[in-house]
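One structure is given below, encoded as structure tokens.
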Amino acid sequence: MNITELTKIKSDYLATNPIFNEPKNVHPLEHRIVLKNYQIINPEEIVEYISKDGYFAFSKAITMSQSEVIEMIIQSNLRGRGGVGFPTGLKWKFTLANESDEKYVICNADEGEPGTFMDRHILEGDPHSIIEGMMIAGYAIGASKGYIYVRAEYPLAAKRLQIAIDQAKDLHILGTNIFETKFSFEIEIRLGAGAFICGEETALMESIEGKRGLSRNKPPFPAENGLFGKPTVINNVETLANVPFILLHGPDKYKELGTEKSSGTKVFSLSGKIKNGGIYEVPMGITLNEIIYKLGGGMKEGSQFHFAFSGGPSGGVLREEHLHLKVDFDSLIPFDSIMGSGGIIIFDQNDCVIDTIKLFMEFNKEESCGKCTPCREGTGILFDMLDDITGGTANLDTIDALKYLGRMVQTSSLCGLGQAAPNPIFSTLRYFKDEFVKHIEHKSCSAGICTFDKVMEEE
Amino acid sequence: MRELSNQNLETFKTKMMKYKKTKGPLIPILHEAQEIFGYIPLEAQQMIEEEYGIPNAFINGVISFYEMFYHEPTGEYHIGVCSGTSCHINRSKRILEELKKELGIEVHETTNDGLFTIVNVKCIGRCSEGPNLTVNNKVYSQVTVEDVSHIISEFKKS
Ligand SMILES: Cc1cc2nc3c(=O)[nH]c(=O)nc-3n(C[C@H](O)[C@H](O)[C@H](O)COP(=O)(O)O)c2cc1C
Ligand code: FES
């Protein structure tokens with residue numbers, strides 16, 4: 001394979017099959033980069049991907065130096081879409097700087113946060129874009145092997161990725177001496193086995209190595225000491241899917257979209273009591289109002305907006321007064337919330353905010369890997385306290401205890417799971433304190449969900 | 001049938017050998033065993049220990065860590081209701097209660113006929129279509145309490 005052959009595949013295909021599917025349900029506010037091929041090409045046909053300029057970004061990257069590729073990503077301001085928003089170019093730069101006989105690229109496709117489903121759609125709808133993103137990363141840092149860690153709950157995604165890898169191998173896009181250069185790259189798929197913590201980057205590496213998915217202490221960071229002890233770049237699905245665009249169209253074009261500190265687009269997944277749940281790709285900086293009332297089409301019949309959660313079990317609550325806020329990596333932080341990975345859930349008058357954070361804490365408790373005490377024990381005790389509140393056995397001191405233990409878990413946990421687990425409690429205490437008091441003092445729940453029957457059990 | 005039999009042990013042995021050149025082969029091998037036997041029998045663990053030199057106790061620890069690996073035999077159909085946030089606010093708990101009642105078992109238990117095991121299901125990425133119920137890899141969306149018995153009987157027949 002070389003650029004001439006690639007161009008020929010594209011023009012031959014366009015000459016005989018010029019018609020693609022019409023994109024479905026694209027909202028006027030959307031701007032599609034990551035989803036540009038979504039529902040348009042057949043994800044199981046590599047020629048369709050190539051006909052949409054697929055693998056041209058890689059063929060360009062390979063004519064540049066490694067540092068030039070990385071510089072382009074740095075210039076674009078691309079930040080990781082897996083939740084924390086770390087600058088992708090910097091991560092690559094650190095990994096390039098660490099010399100080693102072997103390095104790895106990992107695509108984190110473990111998407112497990114409840115309410116988050118954009119990665120599934122990207123993987124199922126355009127698997128080659130992930131492969132191309134990984135190849136560019138691999139070339140840039142000097143890796144010859146990539147892993148895609150897909151959660152086992154996404155069998156269709158895993159199947160389509162395997163088809164895509166096989167087709168890329170057949171065309172010698174993956175393999176040895178790719179595009180007649182010295183660069184070789186292969187990709188292996190690994191399936192998760194139902195552990196949410198394996199989305200945390202170091203736990204994920206432990207899992208690929210064949211161990212329990214226990215988070216590692218950081219530093220050392222993966223850029224230095226990652227998979228099998230080698231320098232490793234790990235990126236989220238959506239992050240990687242942005243990479244080909246930046247290579248093809250340049251960082252300036254990319255930065256035209258989004259906000260100053262969060263460039264490009266974000267794919268949001270909307271669910272809950274909203275009319276049109278689903279995924280939407282829009283420029284960063286869109287307001288919550290636009291997300292809920294324009295993209296989502298407003299509340300469901302009979303539902304009134306009560307609150308929203310962004311960032312799932314690590315995130316924060318948003319009230320009516322926040323809906324004018326722009327959403328990007330930084331702008332929700334002063335309000336004790338985060339954009340996170342872009343999963344936004346909308347709740348109505350029949351949903352209780354305390355019941356919701358109790359559910360989050362139950363999730364964190366069950367998914368804690370158990371390695372560090374603050375997270376393993378702390379999430380359990382925080383859950384019990386919330387259960388006391390909804391069960392009717394709490395008193396006002398419980399609120400102080402929640403804060404005290406919450407701070408402890410935040411500051412002393414080993415990894416992001418424990419560090420972020422108390423976030424929903426703090427943001428809810430800030431904006432729905434009255435609801436706590438009502439539950440505790442009057443055993444009354446505005447939504448009528450909480451049963452306060454723990455009292456009766458104990459009597 | 002997903003069970004411990006000599007034939008399945010043979011099948012497993014062949015499958016297991018595919019990973020001789022794989023770095024970090026344990027999780028893929030455990031997936032093979034889980035698929036073939038419906039759980040990961042001691043016999044299979046011992047075969048892994050012999051071929052790959054991974055101590056049995058270590059393998060056991062790995063099995064107990066992951067939700068999808070089982071120490072004990074499980075049913076032909078793993079059936080569960082998503083407990084994720086979006087499904088929860090669409091009252092998924094009621095669906096789970098109905099499922100337990102219909103099958104007469106609790107989560108992680110298996111029916112006497114060996115057909116069904118109720119499993120924990122966390123968000124499966126179909127949050128805007130909940131509540132979701134899954135049977136192995138099949139997904140039922142916007143499930144109602146009334147649907148539960150129909151879904152079960154679908155699998156009893158086949
Ligand atoms: C508990 C936990 C779960 C996580 N789950 C995921 C996940 O499912 N997918 C993901 O991309 N990142 C996840 N992350 C973030 C990763 O650790 C890591 O930051 C990310 O894969 C880096 O890629 P990015 O820079 O492209 O965002 C998780 C982090 C924590 C603490
Ligand atoms: S919450 Fe049930 S599928 Fe996501």
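The values are calculated or read from the model by the stated rules, or taken from the named source; none is laboratory data. Please read these numbers as outputs of a predicted model, since none were measured by experiment. Cβ placement follows ideal geometry from the backbone for every residue including glycine, while neighbour counts extend to all protein chains displayed. Each accessible area value is taken on the protein alone, full model and side chains, heavy atoms only, with ligands, DNA and RNA left out. Shrake-Rupley method; radii C 1.70, N 1.55, O 1.52, S 1.80 Å.
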(Q) For the range B:76-130, which positions are in contact (Cβ under 8 Å) with a residue 60 or more places away in the chain and more than 14 Å from chain A (Cβ to nearest Cβ)? (A) B:GLU76, B:TYR77, B:ILE79
**Q.** Of residues in the range A:87-117 being within 11 Å of another protein chain (Cβ to nearest Cβ) and over 22 Å from A:ASN364 (Cβ atoms), the one farthest from ligand 2 (Cβ to nearest atom)
**A.** A:GLU102
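How many residues does the range A:60-71 contain that are open to solvent by less than 30 Å² (accessible area, probe 1.4 Å) and farther than 13 Å from A:PHE183 by Cβ? First the steps, then the outcome.
In the first step, residues of the range A:60-71 are kept if they are open to solvent by less than 30 Å² (accessible area, probe 1.4 Å); the result is A:61-62, A:69-70.
So of that shortlist, the ones also farther than 13 Å from A:PHE183 by Cβ come out as A:70.
Going through the range A:60-71 one residue at a time, the tally reaches 1.
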Q) Looking at this structure, is B:LEU9 among the hydrophobic types (A, V, I, L, M, F, W, C), more than 16 Å from ligand 1 (Cβ to nearest atom) and modelled with pLDDT of 95 or more? A) yes
Q: Sort out which residues of the range B:112-128 are within 16 Å of ligand 2 (Cβ to nearest atom) and open to solvent by 10 Å² or more (accessible area, probe 1.4 Å), and write them in order of number.
A: B:VAL119, B:ASN120, B:VAL121, B:LYS122, B:ILE124, B:ARG126, B:SER128
Q. In the range A:304-340, how many residues are out of contact with any Gly (no Cβ under 9 Å at 6 or more places or on another chain), assigned to a loop (DSSP other than H, G, I, E, B) and open to solvent by less than 40 Å² (accessible area, probe 1.4 Å)?
A. 2
Q. If you check A:GLY316 against the conditions, is it closer than 27 Å to A:ASP110 by Cα and not aromatic (Phe, Trp, Tyr)?
A. yes
**Q.** Members of the range A:136-168 that are surrounded by fewer than 23 Cβ atoms within 10 Å (Cβ to Cβ) and among the acidic types (Asp, Glu)
**A.** A:ASP166
Q.
Looking at the range A:135-158 only, could you name the residues that are touching a helix residue (DSSP H, G or I) at 6+ places or on another chain (Cβ under 6 Å), aliphatic (A, V, I, L, M) and part of a helix (DSSP H, G or I)?
A. A:MET135, A:ILE136, A:ALA140, A:ILE141, A:LEU156, A:ALA157
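Collect the residues in the range A:234-291 that are more than 14 Å from chain B (Cβ to nearest Cβ), part of a strand (DSSP E or B) and among the small types (Gly, Ala, Ser), keeping them in residue-number order.
Here is the first cut: in the range A:234-291, the ones more than 14 Å from chain B (Cβ to nearest Cβ) are A:234-236, A:239-266, A:281-290.
Now restrict to residues that are part of a strand (DSSP E or B): A:234-236, A:258, A:263, A:265-266, A:281-283, A:287.
Listed by number, the residues that qualify are A:GLY258, A:SER263.
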Q: Just one of (1) assigned to a loop (DSSP other than H, G, I, E, B); (2) within 30 Å of A:SER368 (Cβ to Cβ); (3) more than 14 Å from every other protein chain (Cβ to nearest Cβ) trips up A:LEU161, so point out which.
A: (1)
Q.
Here is a check on your reading of the model: is A:LEU171 open to solvent by 30 Å² or more (accessible area, probe 1.4 Å), within 16 Å of ligand 2 (Cβ to nearest atom) and in contact with a helix residue (DSSP H, G or I) (Cβ under 9 Å, 6 or more places away or on another chain)?
A. no
Q: Please enumerate the residues belonging to the range A:12-28 that are open to solvent by less than 60 Å² (accessible area, probe 1.4 Å) and either under 25 Å from A:SER263 (Cα atoms) or at pLDDT 95 or above (or both).
A: A:HIS27
Q: Determine which single condition A:GLU180 fails, assuming it passes every other condition in (1) closer than 27 Å to A:GLY315 by Cβ; (2) touching a residue at least 24 places away in the same chain (Cβ under 8 Å); (3) over 18 Å from the mean Cα position of the chain (by Cα).
A: (1)
Q: Could you please find all residues in the range A:409-446 being part of a loop (DSSP other than H, G, I, E, B) and either polar (S, T, N, Q) or touching a His at 6+ places or on another chain (Cβ under 8 Å) (or both)?
A: A:SER413, A:SER444, A:CYS445, A:SER446
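Got a number for residues in the range A:119-167 being of a type in the set (Ser, Thr, Tyr) and touching a Pro at 6+ places or on another chain (Cβ under 7 Å)?
1
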Q) Quick one: A:ASP400 ticks every box in (1) surrounded by fewer than 24 Cβ atoms within 10 Å (Cβ to Cβ); (2) touching a residue at least 12 places away in the same chain (Cβ under 8 Å); (3) assigned by TED's automatic domain parsing to the domain that holds A:CYS445 bar one, so which box is it? A) (2)
**Q.** Top-ranked residue of the range A:113-129 - restricted to ones that are buried (at least 22 other Cβ atoms within 10 Å of the Cβ) and within 15 Å of A:ILE148 (Cβ to Cβ), ranked as nearest to ligand 1 (Cβ to nearest atom)
**A.** A:ASP119
Q: Could you tell me which residue of the range A:194-203 is nearest to ligand 1 (Cβ to nearest atom), considering only residues that are surrounded by 21 or more Cβ atoms within 10 Å (Cβ to Cβ) and of a type in the set (Gly, Ala, Ser)?
A: A:GLY199
Q) What about A:LYS294, is it within 14 Å of chain B (Cβ to nearest Cβ), open to solvent by 10 Å² or more (accessible area, probe 1.4 Å), in contact (Cβ under 8 Å) with a residue 12 or more places away in the chain and among the charged types (D, E, K, R)? A) no
Q | Hits in the range B:24-52 - residues which are open to solvent by 40 Å² or more (accessible area, probe 1.4 Å) and more than 21 Å from A:MET205 (Cβ to Cβ) | A | B:GLU35, B:LEU42, B:GLU43, B:GLN46, B:GLU49, B:GLU50, B:GLU51
Q: Could you run through the range A:79-104 and say how many residues are more than 11 Å from ligand 1 (Cβ to nearest atom) and either in contact with a strand residue (DSSP E or B) (Cβ under 7 Å, 6 or more places away or on another chain) or at pLDDT below 95 (or both)?
A: 3
Q: Within the range A:119-153, track down each residue that is within 9 Å of chain B (Cβ to nearest Cβ) and closer than 19 Å to A:LEU270 by Cα.
A: A:ASP119, A:ARG120, A:HIS121
Q: May I ask you to verify whether B:VAL145 is away from ligand 1 (no atom under 16 Å from the Cβ), assigned to a loop (DSSP other than H, G, I, E, B), at pLDDT 95 or above and of a type in the set (A, V, I, L, M)?
A: yes
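Return the only residue of A:GLU186, A:GLU206 being open to solvent by 50 Å² or more (accessible area, probe 1.4 Å) and either not small (Gly, Ala, Ser) or not in a loop (DSSP other than H, G, I, E, B) (or both).
Values: A:GLU206 fails: open to solvent by 50 Å² or more (accessible area, probe 1.4 Å).
None of the others qualify; the one that does is A:GLU186.
Would it be correct to say that A:PHE221 is open to solvent by 10 Å² or more (accessible area, probe 1.4 Å) and either aromatic (Phe, Trp, Tyr) or touching a helix residue (DSSP H, G or I) at 6+ places or on another chain (Cβ under 7 Å) (or both)?
Values: open to solvent by 10 Å² or more (accessible area, probe 1.4 Å): yes; either aromatic (Phe, Trp, Tyr) or touching a helix residue (DSSP H, G or I) at 6+ places or on another chain (Cβ under 7 Å) (or both): yes.
So A:PHE221 passes the test.
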Q: Taking B:LYS21 as the residue in question, decide whether it is within 14 Å of chain A (Cβ to nearest Cβ) and open to solvent by 70 Å² or more (accessible area, probe 1.4 Å).
A: yes
Q) In the set B:SER141, B:SER153, which member is surrounded by fewer than 20 Cβ atoms within 10 Å (Cβ to Cβ) and away from chain A (no Cβ under 12 Å)? A) B:SER153
